[in-house]
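Trainee: One structure, pasted below without further comment.
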Amino acid sequence: MKSLLVTGSSGLIGSEVCLHFASKGWRIHGVDNNQRAVFFGPQGDTRWNQGRLAKAITGFQHHELDIRNRDGVLELLKAIKPNAIVHTAAQPSHDRAAAIPFDDFDTNAVGTLNLLEATRQACPESPFVHMSTNKVYGDRPNAIALKELDTRWDYDDIEYENGISETFSIDQSKHSLFGASKVAADVMVQEYGRYFNMPTCALRGGCLTGPNHSGVELHGFLSFLVKCNLEGREYKVFGYKGKQVRDNIHSEDVARFAYAFIDSPRCGEVYNIGGGKPNSCSILEAFKIAERLSGEAMQYAYVDENRIGDHICYYSDLRKMREHYPSWDITISLEETIEQIVSAWRRRAEG
């Protein structure tokens, strides 16, 4: 039986990857120390998801390990020698990073290096999938000519009619400290692939979402928006008239791509993974969908100042992913995704 090591296994993407590979007959090792609760407080706690995996996956092995623990990571990789690694553990908020710069960099950059070097020493032939972020592009997407529509911003340049591709520059832009730490990790993943000829890839995620997200204000756009809608809580819109656009991809489709890459890996690759234009929405458009699906009116307040380095419009160009892995594509629509999130928050509220 093949074994998979998943870091951040109790998080949104990590847990979905665990379940997907388990359904394919893999033995699953999860690494998670609930650091999300430290970063975001009790509302970011993911222990419930850890318990869900233990019940759902036969033989699931949880490892309470901080990826900043270099010796611990090395010992674990040498003991398990997994057939593949999916690295989703991170400090995920660009707002939070400014308050905890050392924790952010040590988790995102140094933690990734710890895992890469441990993989090189223990099992260099094992594919390594890293969850990067579209924040590696910094605020450069804001320099693209835009047009203002009734409910959203959109690109006003034919070159970007399919979205942002992997050739887009990551240089000379404002990233946030989070974006900078993720750039370091992203480039290191590429370097281990190209320098050591290891099968690695960095997945530059757009808005990764789904029903098992512990969304909070600083991270988890759609999940937190739906939670506010259901609870009648005020949602703060930061700048750009609420017309800023994100492309949203369901965690299951992310897990499916990780499986496709591991099944046919490449060395030092980069992919922009998001919902693409069809699964994109502005905050205002998300409000309307949530209201329609929940039957609850959205309560929100507008803050004129936008978040530092925030994208006005961003959606992923998926053509490279589809070319390299033609059996993969988006399978869950934006509407269905939000419907699942509504149902999930209601179930959790009922206990």
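Trainee: May I ask which residue of 118, 151, 38 lies farthest towards the positive end of the charge dipole of the chain, with charges of +1 (Lys, Arg) and -1 (Asp, Glu) on Cβ and the Cα centre as origin?
Mentor: 118
Trainee: Can you work out the PRE-style zone for residue 319? Point 7 Å along Cα to Cβ, and I want the residues of segment 165-199 with backbone N under 13 Å.
Mentor: Within reach of a label on residue 319, which here means backbone N under 13 Å from a point 7 Å along Cα→Cβ, segment 165-199 contributes 165-168.
Trainee: While we're on this one: ³J(HN,Hα) across segment 207-216 via Karplus (A = 6.51, B = -1.76, C = 1.60, θ = phi - 60°), whole Hz, x for Gly/Pro?
Mentor: Couplings: 8, 7, 8, x, x, 9, 8, 8, x, 10 Hz.
Trainee: Same structure, new question: Listed here are the pairs 135/288; 174/288; 147/277; 243/277; which of them are more than 22 Å apart at the Cα?
Mentor: Those over the limit are 135/288; 174/288.
Trainee: Comparing 259, 302, 192, which has the greatest mean-square fluctuation in the GNM of the chain with Cα pairs linked when under 10 Å apart?
Mentor: Maximum fluctuation in the GNM of the chain, among the listed residues, is at 302.
Trainee: Could you derive backbone 3J(HN,Hα) for segment 64-77 from the dihedral phi with the Karplus parameters 6.51, -1.76 and 1.60 (θ = phi - 60°), listing whole Hz in sequence and x where the residue is Gly or Pro?
Mentor: For segment 64-77, the Karplus-derived couplings read 7, 9, 8, 5, 6, 7, 4, 5, x, 5, 4, 4, 5, 5 Hz, x marking Gly and Pro.
Trainee: Report the calculated FRET efficiency for residue 145 and residue 191 (r = Cβ-Cβ distance, R0 = 35 Å), to the nearest 0.05.
Mentor: My answer for the efficiency is 0.55.
Trainee: What's the local net charge at residue 342, with K and R +1, D and E -1, over the other residues with C-beta under 15 Å away?
Mentor: Neighbour charge sum, excluding residue 342 itself: 0.
Trainee: Less than 19 Å apart at the alpha-carbon level, and either on another chain or at least 8 residues along: which aspartates and glutamates does that give for residue 236?
Mentor: Candidates past the 8-residue exclusion: 95, 217, 285, 291, 296, 304, 305, 310.
Trainee: Suppose each label sits 7 Å from its Cα in the direction of the beta carbon; what would the residue 348-residue 156 distance come out to in nanometres?
Mentor: Once both label points are built, they end up 3.9 nm from each other.
Trainee: Work out the charge dipole of segment 3-350 with +1 on the Cβ of Lys and Arg and -1 on the Cβ of Asp and Glu about the Cα centre, then indicate which of 337, 60, 309 is farthest towards its positive end.
Mentor: The one lying farthest along the dipole's positive direction is 60.
Trainee: If a paramagnetic tag sat 7 Å from the Cα of residue 291 along the Cα-Cβ line, which residues of segment 131-174 would have the backbone N under 20 Å from that point?
Mentor: Counting only backbone N, you get 149-153.
Trainee: Out of the DSSP beta bridges found with both residues in segment 3-350, what percent are antiparallel (nearest 5)?
Mentor: Beta bridges within segment 3-350, antiparallel portion: roughly 15 percent.
Trainee: Where the only charges are on Cβ atoms (+1 Lys, Arg; -1 Asp, Glu), what is the dipole of the chain about its Cα centre, to the nearest 20 debye?
Mentor: For this selection, approximately 860 debye.
Trainee: Connecting C-alpha atoms closer than 10 Å in a GNM of the chain, tell me which of 139, 156, 104 has the biggest fluctuation.
Mentor: Highest fluctuation among the options: 156.
Trainee: Divide by every residue of the chain the summed helix terms, -39500 (n - 2.57) for each DSSP H run of at least 4, and state the resulting mean residue ellipticity at 222 nm, rounded to the nearest 500 deg cm²/dmol.
Mentor: The helix-only estimate for the chain comes to -12000 deg cm²/dmol at 222 nm.
Trainee: For the chain, set up a GNM with springs between Cα atoms under 10 Å and report which of 339, 191, 296 has the largest fluctuation.
Mentor: It is 296.
Trainee: Using only the alpha-carbon atoms, how far is helix 221-231 inclined from the longest principal axis of the chain? Give it as 0 to 90 degrees, nearest 10.
Mentor: Between helix and principal axis, roughly 60 degrees.
Trainee: On a full-extension model of 0.36 nm per residue, what is the gain between residue 54 and residue 231, subtracting their alpha-carbon distance, rounded to one decimal in nm?
Mentor: Answer, rounded to one decimal: 60.8 nm.
Trainee: If you don't mind, another one. Step through the residues of segment 8-20 one at a time and calculate ³J(HN,Hα) from phi using the Karplus curve (6.51 cos²θ - 1.76 cosθ + 1.60, θ = phi - 60°), rounding each to whole Hz and writing x for Gly and Pro.
Mentor: In residue order, the calculated couplings are x, 5, 8, x, 4, 6, x, 5, 5, 5, 4, 5, 5 Hz.
Trainee: Match the structure shown to one of the listed values (i) 138; (ii) 124; (iii) 473 of volume of the Cα convex hull per residue in Å³, computed from it, and give that label.
Mentor: Of the labelled values, this structure produces (ii).
Trainee: Something else: Which residue, chosen from 240, 79, 8, occupies the Cα position most advanced towards the positive end of the dipole of the chain, where the dipole is computed from +1 (Lys, Arg) and -1 (Asp, Glu) charges on Cβ about the Cα centre?
Mentor: 79
Trainee: Sticking with this structure for a sec: Between residue 329 and residue 71, take the C-beta separation as r, use R0 = 51 Å, and let me know the FRET efficiency to the nearest 0.05.
Mentor: 0.80
Trainee: Under unit Cβ charges (Lys, Arg +1; Asp, Glu -1), what dipole magnitude, rounded to 20 debye, does segment 159-238 have relative to its Cα centre?
Mentor: Rounded to the nearest 20 debye, it is 240 debye.
Trainee: Relative to the longest principal axis of the chain, what angle (0 to 90°, nearest 10) does the C-alpha long axis of helix 176-196 take?
Mentor: 40
Trainee: Given +1 on the Cβ of Lys and Arg, -1 on the Cβ of Asp and Glu, and no further charges, what dipole in debye does segment 19-160 carry about its Cα centre, rounded to the nearest 20?
Mentor: 800
Readers should treat all values here as calculations from the given coordinates under stated rules, not as data from a laboratory. Small disclaimer: the values here were computed from a predicted structure and weren't measured. With ideal geometry, Cβ positions are generated from the backbone for all residues, glycine too; neighbour counts draw on all protein chains shown.
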